[in-house]
Amino acid sequence: MSGRGKGGKGLGKKQRVAEFEWTPGQNAFNVVYVNNGDCETHIYTVPESKMDPILMHMFKESGAKKFMWDLGQEDTMEDLFENLTQKQFDKLTAEDGDDGDDDEEGDDDEEGEEEAIDDRDQVIDHIRDWIIDLPDKLSEPPGVPVNILAKFGIYESV
């Protein structure tokens, strides 16, 4: 036995999230993640403030209310890749703390802004990692009425 369950040691992230309190009318997103590998469906209600910046970008750019993606099939994510350039991805993930400094003033060429995403797998990996790291607390119902802005259905077969 490792003793992980005793005294909450090793669960620091979950302890911090436990302090999160929903407020009535708060903006949120439904995120459903189905992983064929573990045969489970994970349903989360994610407050706007904790939403992934790439998914927020997609929501704001498209104006859609429902998104359905299969992480193993790039063609189902074509709408995401059409609305996301490499420069935007780098900036959004840097603000999320995944990357370092992105304030390179001299790197502002006009063609670079419109470049398609170089490595689509990095976007898929980023989304997968974000979902996997969502705290269990967000899988519980909010307990108060919230404003659902959009729904994300994400499927992954292993």
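The values are calculated or read from the model by the stated rules, or taken from the named source; none is laboratory data. What you see is a predicted model; the values in this text were computed from it and never measured. Cβ atoms come from the backbone with ideal geometry, glycine included; neighbour counts cover every protein chain shown.
Worth pointing out:
- When Gly106, Gly37, Gly72, Gly97 are checked against the criterion of being surrounded by 12 or more Cβ atoms within 10 Å (Cβ to Cβ) and either assigned to a loop (DSSP other than H, G, I, E, B) or at pLDDT below 85 (or both), Gly72 stands alone in meeting it.
- Residue under evaluation Pro145, criteria (1) assigned to a loop (DSSP other than H, G, I, E, B); (2) at pLDDT below 90; (3) more than 22 Å from Asp70 (Cβ to Cβ), criterion not met: (2)
- Per-region count, segment 46-71, residues touching a residue at least 12 places away in the same chain (Cβ under 8 Å) and over 15 Å from Trp130 (Cβ atoms): 7
- Evaluation of Trp130 against (1) farther than 12 Å from Val31 by Cβ; (2) at pLDDT 85 or above; (3) surrounded by 14 or more Cβ atoms within 10 Å (Cβ to Cβ) (one fails), failing number: (1)
- The residues of segment 109-127 that are within 22 Å of the chain's Cα centre (by Cα) and modelled with pLDDT under 80, listed by number, are Ala116, Ile117, Asp118, Asp119.
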